[in-house]
Every structure is written in C-alpha cells, then in structure tokens.
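The values are calculated or read from the model by the stated rules, or taken from the named source; none is laboratory data. The shown structure was predicted, so the numbers you read here are calculated from the model rather than taken from an experiment. Note that each Cβ is placed from the backbone with ideal geometry, even for glycine, and that neighbours are counted across all protein chains shown.
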Amino acid sequence: MTAITLPLEDEVETTAYSESAALLATYKRAPMSLVRGEGVELIDSDGKRYLDFASGIAVNALGYGDAGIAAAISESLNTGLIHTSNLYRTAPGELLAAKLVERSFASKVFFCNSGAEANEGAFKFARRWARKIGTDAKVEIIALRGSFHGRLFASLAATDRPSYRAPFRPLAGAVSICERDIGELDSALDEETVAAVIVEPIQGEGGVRVLDSDFLRRLRALTEKREIALIFDEIQCGLGRTGYFFAYENVGVVPDMLTLAKPLAGGLPMGAVLVSEEIGSTIQAGDHGTTFGGGPLVAAVAGYVVDRLSDPALLESVRENGAWLGQQLEVLARRSGKVRAIRGTGFIWGLDVVESANEVVKRGWDDGLLLLTAGEHTLRILPPLVMERDDLARGLLILEKIIG
C-alpha cells in the first residue's frame, strides 16, 4: 500500500494551486484559485475580484451568497436528512416535482444528478414509449447539427463534436445527427424507426445559435404527425435564462419531454426530465433509477430556486436587461470592428470574434472578467440572472478592451 502524505493545515491555506496533481486532467483550468463569491463577483486566493459573465456555465443564476439558498440548505441540514435513496418518500422532491408540473406541460418528473443523465433518461423514456405505440424497430434518436447534449455514451452520440466523439467510439447505436434543415428532417423522420428528436431551442455549446421559431413549429408538426417524441434540451437555456421560465414558452412549441439541470439546485448537482402524460404512462417501476436523484437536500434548495426563477419580476428584468445587453453588444461590435456576428437573447449571448476566443477569455482573467467560449472563435456570455445593468455595463467595458 502506498503511503499518502497530507499537507499541514497552514500549507493548505497558503499554497496556490494552478492544477492539482491529484486531479485527472480532463479540464484545462484557469490559473487562479477561487475561494469566495459575493453577489455577481468571484474572489481568488490573492483577493482579486472577477466580474462573472459565466455563472459557472449557466449554473449560478442567483449569483453568490444568496440568502435563500443558504437558508434552504440550513433548514434541510437541520432535519438530518441529506440522503435517504428513492426507496422511501420524502417531501422536498415531491413538492419540487409538483411545482415543475404546475408550471409546465408535464404530468410527471424524473430527477437525476446532471444534464447528461437527464438526456440519457429522456432517450430511454422515448424508446420505452415508442415501442409501446410501435414496434421494436422504433428506437432511433435524432439530434441536430451543432448540438451538445452531454458526454455519456448516448448523449455523446447525440453531440455534434467530432473531437469529443472520436476517442470513445463505438458510441451508443441508433443515434444520429441531422442538419438544421426541415427538408432533411422530413426525409429522416421515419415513423417506423425514429423514437425521438432532441433539440436545444438555443444551442449553447454550439455557438449560441437561436433556432428559428418557425423551424421548431414545423418540426413539432412533423413529429406529432409521425408519432415521434420531441425532446427539448433546456439544460443551458431554460429556467429563466431567456427571460421566460422555460425557453419553449417564447417559441410557441410544446415538447413531449424537457430536460433541465445547471441552475436547478443553485449549484448543487441536479437534473430533471419533464415528461408528458402520454409518455409518462408507459414508464414502469424498474425502467430507470438513480441513487441520489431528487434527494431531500438538493430538492429543498431546488424548490427555492424554482420559486425565485419563476418570479415574474425577475423574468421581466432578464428580458429588459437582456434586450439592452444585446443592443450594447451591437454597439461594441460596430466600434471594435473585431466582432463578426452576435447571437442570443435574454442572458445568453454569443459573439463571433476574429481571433481565438480562448485568447480573449485569458485576457479577461487579467482584467477581472470571467467569460466562456462556444467554439474556436465564439465568446459566450452567461451572467447571473440577478446581475443589474451597472454591472453589465462594467463588464462590457472590460469586454471591449480585451477584444481590442
């Protein structure tokens, strides 16, 4: 057995880590070590502050230090129930499911731990339902060009990132990717073999591409006619980020299933699959499972988050400030001459820049701004939904400087 030497307590507090030698290097982490968050800022071990235009990849919708999240965690801990498993009933998960059903098209909700798990669950539910109404041949899942649905075997097969997929082939079978073209989809959507189509109303990782409402309505008509489930992946664009609680509400298209994660439990790991009555009625005990999903602690926090993110005043603020943000980005683009295109809505925006987006992100670290990329030349902006206009304006000044 290899002996492990632990650092002394004072060493843990004072040592700055750029990359822990003990962590598997699946991420290229930024050099600073973040130790605290306040409002819409993060603070590193040297005391430097960073304005957050990333939200932990669309997770920290309520920023940092939210009193309601802290209270929900504290109240839940006081019960002594962090985990019970899904062999027993607990109130927080049942209450949360009821809130999501009340606010949506769904009749049932399945909880899990992440967005990738939510999409994998939705694929299973789609195939269960499809075999019920069709034959054993009705199993295929179709995703769209530019999609990102996760990194597990089926969700990775539905993700349009060849570099992500290649090292792990063979991926899950009967999952394919089609162009964002209604004509091609018309040909591909064989009612005898296709179980479901999965769509991000806004393709976040794929460049912040807002899918056209008319395209989505025509796709909905095709899937309804051919008894194919339509899954909306709102993991990144849902729960208030567009200025609507669900992104589908602003599109005029109601899916058969909807997947959620990222901001759902305020930074704690949680995903969900919202399921229509027709599909939900085909799922039986034992068809799917999760040890941790919907546990009392995370569900209690998520109940508070859902209430906050469905507040009409907050959603109106995201719509108004998001429209202003889009206008200011257009002004910035014209002034800089180094932005080729802008796409987005609400608090999710993408800017195509003329140089490496990653290099711009790195310059942001020096100037106290956290940004994301969404492709080689696309910057992605995902501020906390509680960010107000003065902080947005402050971030735009830094953004213009680092774009050059």
What strands (runs of 3 or more DSSP E) completely inside region 31-76 contain at least 1 residues that are surrounded by 21 or more Cβ atoms within 10 Å (Cβ to Cβ), out of contact with any Leu (no Cβ under 9 Å at 6 or more places or on another chain) and charged (D, E, K, R)?
none
Answer yes if at least one residue in region 212-224 is over 22 Å from residue 183 (Cβ atoms), of a type outside the set (Lys, Arg) and over 17 Å from the mean Cα position of the chain (by Cα), and no otherwise.
no
For region 365-396, give me each residue that is free of Cβ contacts under 8 Å to residues at least 40 places away in the same chain and surrounded by 15 or more Cβ atoms within 10 Å (Cβ to Cβ).
373, 377, 379
Whether any residue in region 163-174 is buried (at least 16 other Cβ atoms within 10 Å of the Cβ), touching a residue at least 40 places away in the same chain (Cβ under 8 Å) and either in the same structural domain as residue 222 (by TED's automatic domain parsing) or closer than 25 Å to residue 288 by Cβ (or both) is what I want to check.
no
In the set 103, 89, the lone residue that is among the basic types (Lys, Arg), under 23 Å from residue 113 (Cβ atoms), modelled with pLDDT of 95 or more and surrounded by 10 or more Cβ atoms within 10 Å (Cβ to Cβ) is 103
Residue list for region 245-260, filter: closer than 15 Å to residue 211 by Cβ, assigned to a loop (DSSP other than H, G, I, E, B) and among the aromatic types (Phe, Trp, Tyr)
246
List the number of the failed condition for residue 124; all other conditions in (1) surrounded by fewer than 20 Cβ atoms within 10 Å (Cβ to Cβ); (2) in contact with a helix residue (DSSP H, G or I) (Cβ under 9 Å, 6 or more places away or on another chain); (3) not in a helix (DSSP H, G or I) hold.
(3)
Determine whether region 80-96 contains at least one residue that is closer than 23 Å to residue 151 by Cα and part of a loop (DSSP other than H, G, I, E, B).
no
In the set 215, 148, which member is in the same structural domain as residue 287 (by TED's automatic domain parsing), assigned to a loop (DSSP other than H, G, I, E, B) and over 22 Å from residue 288 (Cβ atoms)?
148
Only one of 34, 8, 24 is farther than 30 Å from residue 387 by Cβ and either of a type outside the set (A, V, I, L, M) or modelled with pLDDT of 75 or more (or both); which?
24
Between a first residue in region 264-283 that is of a type in the set (A, V, I, L, M, F, W, C) and a second residue that is in a strand (DSSP E or B) and surrounded by fewer than 19 Cβ atoms within 10 Å (Cβ to Cβ), which pairs have beta carbons less than 9 Å apart while being 6 or more apart in sequence or on different chains?
273/108; 274/108; 275/108; 279/108; 283/108
Name the one entry in 177, 182 that is surrounded by fewer than 22 Cβ atoms within 10 Å (Cβ to Cβ) and in contact with a strand residue (DSSP E or B) (Cβ under 8 Å, 6 or more places away or on another chain).
177
Looking only at region 97-121, filter to residues that are more than 27 Å from residue 173 (Cα to Cα), part of a loop (DSSP other than H, G, I, E, B) and not aliphatic (A, V, I, L, M); which one of those is farthest from the chain's Cα centre (by Cα)?
107
Residues being exposed (fewer than 14 other Cβ atoms within 10 Å of the Cβ) and either more than 14 Å from residue 226 (Cα to Cα) or small (Gly, Ala, Ser) (or both) - total across region 131-145
2
Condition met for residue 347 (of a type in the set (Phe, Trp, Tyr) and either under 30 Å from residue 220 (Cα atoms) or buried (at least 22 other Cβ atoms within 10 Å of the Cβ) (or both)):
yes
Could you check, for region 249-272, whether at least one of its residues is over 15 Å from the mean Cα position of the chain (by Cα), among the charged types (D, E, K, R) and crowded, with 24+ Cβ neighbours inside 10 Å?
yes
Among the residues listed as 177, 202, the single one being more than 21 Å from residue 128 (Cβ to Cβ) and either among the basic types (Lys, Arg) or touching a Cys at 6+ places or on another chain (Cβ under 7 Å) (or both)
202
